[in-house]
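One structure below.
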Amino acid sequence: MIVRYKKLLGIGCLLIVIILTSLWLMIPPVWQLESGPISVVRWPKTGEEVFSVGPSEKRWFPIEKVSFHLVHAILVSEDARFYDHRGIDWVEVGESIELNLDERRFARGASTISQQVVKMAFLSSDKTIIRKIREILGTIILERILSKERILEWYLNLVPLGDGVYGISEAAEHYFDTSVELLTIQQSANLALVIPSPNAWSVGLRQKKLTDFGHERYHLIIQRMYEQSYITETLKRAALATGDFGRPVKVPE
């Protein structure tokens, strides 16, 4: 009886070791973001591109120099509770599950900025269970080794913004011929609105004219910036009056 118990105990310990080892191997190497740089693979229209991203690289832009209008526009559009959660926004997860079940399709995701950093830095964009598990595991570790400001800084330097453009520094120059420090409220909202689907939604940036959907999303971002007290009523009105590249933005009825 004792021998059998010891044998079962040994098998149980072995299984635990195997499970823990498997989980460890699944974790993306997020600790590399403590210093960087990291090698990132992207697939723009011109084909596969591998480049280094990190504080020591030319394309890197420190967060303290980024226009606060852009930071605010991205926060309200991508992760309004960024500073309140620990990597996973369970409120958003619940709302997304409910919506996806109602529509019987993947209509809405719930990835936080922290999750997006892990995905952009180390994972593919494939919608698989394994990839999502790795993303969540990496996010849990990331939130414990980096500050919120550091995570947001990586996000700003990794985020794709359409037209083969990656990172806010390159985007500011590409679309507006300006520096990130000088981005206005209008320019910031126009950049933030394309992030969920940059290749499809950046058409307005390229043509310097908002699409009908762009008008809706731009208005939503400006309204949220106002509700979060990032801009005043006067700035809100000015942003809506000139947000369509100098033209008024359509306000939903």
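Where a number appears in this text, it was derived from the coordinates with a stated rule and is not lab data. Owing to the predicted nature of the structure, the values given are computational and were not obtained by experimental measurement. Every residue, glycine as well, gets a Cβ built from its backbone with ideal geometry; the counts of neighbours run over all protein chains shown.
Numbers for the structure displayed
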item: Selected residue (only one of 119, 127 is part of a loop (DSSP other than H, G, I, E, B) and of a type outside the set (Ser, Thr, Tyr)); result: 127
item: Residue list for the range 181-192, restricted to those being over 14 Å from residue 165 (Cα atoms) and part of a helix (DSSP H, G or I); result: 181, 182, 185, 186, 187, 188, 189, 190
item: Listing of helices (runs of 4 or more DSSP H) fully contained in the range 193-253 that carry 3 or more residues being more than 18 Å from residue 175 (Cβ to Cβ); result: 212-227, 233-242
item: Subset of the range 173-199 (residues that are without any contact (Cβ under 8 Å) to a residue 24 or more places away in the chain and among the small types (Gly, Ala, Ser)); result: 179, 197
item: Qualifying residues in the range 140-150 (those that are touching a residue at least 60 places away in the same chain (Cβ under 8 Å) and among the β-branched types (Val, Ile, Thr)) - the one nearest to residue 26 (Cα to Cα); result: 141
item: Odd one out for residue 72, checked against (1) without any contact (Cβ under 8 Å) to a residue 12 or more places away in the chain; (2) in a helix (DSSP H, G or I); (3) of a type outside the set (A, V, I, L, M); result: (1)
item: Filter result (of a type outside the set (Ser, Thr, Tyr) and touching a His at 6+ places or on another chain (Cβ under 9 Å)) within the range 225-253; result: 225, 228, 231, 240, 243, 244, 249, 250, 251, 252
item: Boolean, residue 217 is touching a helix residue (DSSP H, G or I) at 6+ places or on another chain (Cβ under 8 Å), over 29 Å from residue 49 (Cβ atoms) and crowded, with 16+ Cβ neighbours inside 10 Å; result: no
item: Among residues of the range 193-227, those that are more than 15 Å from residue 245 (Cβ to Cβ) and of a type in the set (A, V, I, L, M), counted; result: 5
